[in-house]
Amino acid sequence: MKLWLKVFLFSLTFMVLAVDIVAYTILINGFSTSVTRETDQALTHHASVSTMVSGQILYERLRQSKLLLTFEEVGRVLKETAEQRRGNETVISFYYNAEPISGSDSAMPNIDPDFSREVFENDQPYSVIIDYNDKSFILCGSHLTLEGSDYVIFTASDVTQVYTQHAEQLQFVQIVSLASAGIIATIMLLFIFLSLKPLSEINHSIRRIAEGDYSLRARETGSQEFRELAGNINIMAESIEQNVTEIQRVADGRKRFIDSLAHEMKTPLTSIMGFADILRIKRSVTAKEREEYGSIIVEETKRLRSLSGKLLELSSARNLPLDFCELDAKSFFSEVCIAAKPLLSDKQLKISCRIQKGTTFRADPELFKSLLYNVIENAVKASRRKQIITIKCWHDTDRVFFNITDQGIGMTPEEIENAADLFYTNNPSRTKQKGGINLGIGLALCKEIAARHNGIMDISSPPEGGTAISITLLKKWGDDNETKHT
Amino acid sequence: MIHLLIVEDDKNIARMIDTAVSIVGYRTSCCDNGSDAVDMIMDNDYDLILLDIMLPGIDGFAVIQKIQSRGIPTIFLSALQDVSDKVKGLRLGAEDYIVKPFEAVELLARIEVVLRRTDKVPKTLSYEDITVNIERHIVKKAGTAVTLTPKEFDVLVFFMQNPDIVLTRERLLSKIWGYTYQGESRTVDTHVQQVRRKMDLKGKLVSVPKLGYRLNRTKRV
């Protein structure tokens, strides 16, 4: 059974019971009050009737100027009195020695023997309520001494009206209680549905979220509890969405990496395999063709060699322990420039070095050389013939700055953002236009090396062309910083 | 003559495919990016398109959607080897999906299959005075019918479809007997000798030491 139904049924039963009990109590209370009042009235009336009968006997005695009336004369007077009463609200009957003398017989209810015995044996007036001929009466009885003889007088007053009123009121209360139960039920149902509506909305939202619609948010309406519930569910949905997006991003990144690696490795392999197969199966190969196919195979093999070399370098940059020493910028850069010389001859490029005097820094010489070599290699690829690559190095009290600027084709903001991703291949052909795979791995490698030196690498490319790569190293940093990298 | 369009951004691979397909005498055009490829396909009639997926501009998947109305059979060539990529490619209407790297002969064989399936190649082959009707399984030498076993027939057809190309024993085994066939390469030798004898191809269907067999083309095409 649903909770709302339980609450509804329980409250409804409770309320109807409460209303009914209160109504009945009031009703019974009122009824017993009116019965008591009627009884009092009947007793008073009984007393006045007794007095009146005594008065009439006295009057009769005076009228006849007798000292005492005889038993028969008394009986006659009593009979007359009773006769006069016939048709009245109160009927009278008289008894002598437990024998009725007179009475409005048909109208007078039968007197219960227990009651009459009580009246005969005791000296006080008694009353009882009896039903007779579909009517209710209050029957009163008492002793009455007339002319020296002991009589008993009974009076019966009709109180049917009180009972019928009570029955009517009872019926009315029942109808009202039923009607009010209906009204209360309707109001409660309406209230429950209105206040539970947000709950079903929240329920619906949760189901939708569970089905994978992670961007859905529950509407925060209704009473405070529901708003809080919806709010918390939204917080939950938010973090689920973030996690899913993050997982998706990682998965996308991995897929992109694998796709790119497959592309980078398989492209040269396809040419090598294809041409080797052609050389094997073709019936006649001219010297010119052989030379062409052979040189393509060699070229593509070199491409693969370079790729595997970079991958190894990257792997060692990440995993090998470093050997730090204090390096003098001037002698360090002159070594780098010599190493980079073969790269320059093709496009007749020049390197201009501007090193601040006395600049020294702490680095792993081999790895840092590899960083600068890769940056210069990228600069060479981006440059056009006879351009100049500028290298600057300077320092302040606690930092050393390196800046390598070329005048080449530059990079778009999107390329800069993604450049350090391994195999950034938003546009796969792009790497080839820039002359090979090195943009794909080279900058990722540089960033990795800079990070292991606790340095920061930035790429910027002004709209007018050229790319500047700047690296900032801290002069002093404890060896404890290094431990977390190794 | 069969006309192929090669859409491939790596110039060496494009050159390799070009060289491979010209051995069997197909004419080729090359294109190194997606948008030019769409223009070329819309303006010209090709019998088959070899389409790379990772292309500058628009990628291969987008290209095939744009050229669907032309109804030209397409084979994807891609380094992507995920099943999902293959399914995507084939669902977009490609006839085949070849994962790089591939052997030149395999490429030719799969081009051949697609061309045959799409009725782009003639049902009859001829070599000197031999004519073969592939559909009706009839072989005639100088006008008279020659009886060949089904396997011999397949061997002959395979050589006639690939003139001037060395076919290795493994290649013949996998093509004629299926990849799962566990037989020895002597089976191949026996069948090739039978074909050579029955069709009188001595000196034309030659064995190439350490490699396999080749059916020499007699006149230059």
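For chain B, the relative contact order comes to 13 percent (Cα pairs under 8 Å, sequence separation of at least 6). A Cα-only calculation for segment B:124-215 places Rg and Dmax at 12.5, 37 Å.
When the alpha carbon gyration tensor of the protein assembly as shown is reduced to an equivalent ellipsoid, its three semi-axes come out at 121, 45, 19 angstrom, largest first. Of the residues B:Met1, A:Met265, the one with the fewest other Cβ atoms within 10 Å heads the list, and the complete ranking is B:Met1, A:Met265.
In terms of overall dimensions, the C-alpha atoms belonging to segment A:223-319 reach 88, 34, 15 Å along their principal axes, ordered largest to smallest.
Mean residue ellipticity at 222 nm, helices only, chain A: -21500 deg cm²/dmol; runs of at least 4 DSSP H residues each add -39,500 (n - 2.57), and the sum is divided by the number of residues. Taking only the alpha-carbon positions of segment B:3-117 and ignoring solvent, what does the Debye formula give for the base-10 log of I(q)/I(0) at q = 0.10, 0.12, 0.14 Å⁻¹? The computed values of log10 I(q)/I(0) come out as -0.24, -0.35, -0.48. Along Cα→Cβ, 7 Å out, is where each label goes; now give me the distance between the ones at A:Val19 and A:Phe191 in nm to one decimal. Here the answer is 1.3 nm between the modelled labels.
With R₀ fixed at 56 Å, the C-beta to C-beta distance from A:Asn110 to A:Phe8 puts the FRET efficiency at about 0.55. The relative contact order of segment B:3-117 comes to 23 percent, based on Cα pairs under 8 Å that sit 6 or more residues apart. Which aspartates and glutamates have a Cα lying under 16 Å from the Cα of A:Lys357, excluding residues fewer than 8 positions away in the same chain? Reachable aspartates and glutamates: A:Glu326, A:Asp328, A:Asp396, A:Asp398. In terms of other Cβ atoms within 10 Å, A:Cys325, A:Cys393 run from fewest to most in the order A:Cys325, A:Cys393.
Counting Cβ atoms of other protein chains within 10 Å of each residue's Cβ and taking the mean over peptide B:96-107 gives 5. With a cut-off of 13 Å between beta carbons, the residues surrounding A:Asp213 carry a summed charge of +1, where Lys and Arg count +1 and Asp and Glu -1. Amide H contacts under 5 Å for A:Leu327: A:Phe361, A:Arg362, A:Ala363, restricted to partners 5 or more places along the chain or on a different chain, H placed in the peptide plane at 1.01 Å from N.
Each of A:Glu300, B:Glu152 was scored by other Cβ atoms within 10 Å of its Cβ. Arranged with the fewest first, they read B:Glu152, A:Glu300. At R0 = 25 Å, how high is the FRET efficiency between A:Thr36 and A:Thr145 if r is their beta carbon distance? Nearest 0.05 is fine. In this case the efficiency is close to 0.30. Of all lysines in the structure, those lying under 20 Å Cα to Cα from B:Lys198, and not within fewer than 8 positions of it along the same chain, are B:Lys140, B:Lys141, B:Lys151. Charge tally around B:Gln81: other residues with Cβ under 11 Å, Lys/Arg +1 each, Asp/Glu -1 each, net 0.
Among the GluC sites (Glu not before Pro) in segment A:144-213, those located in a DSSP loop and surrounded by at most 11 other Cβ atoms within 10 Å of their own Cβ are A:Glu211.
Values in this text are rule-based calculations from the coordinates and carry no lab data. Keep in mind that this is a model prediction, so the values were computed, not measured. Every residue, glycine as well, gets a Cβ built from its backbone with ideal geometry; the counts of neighbours run over all protein chains shown.
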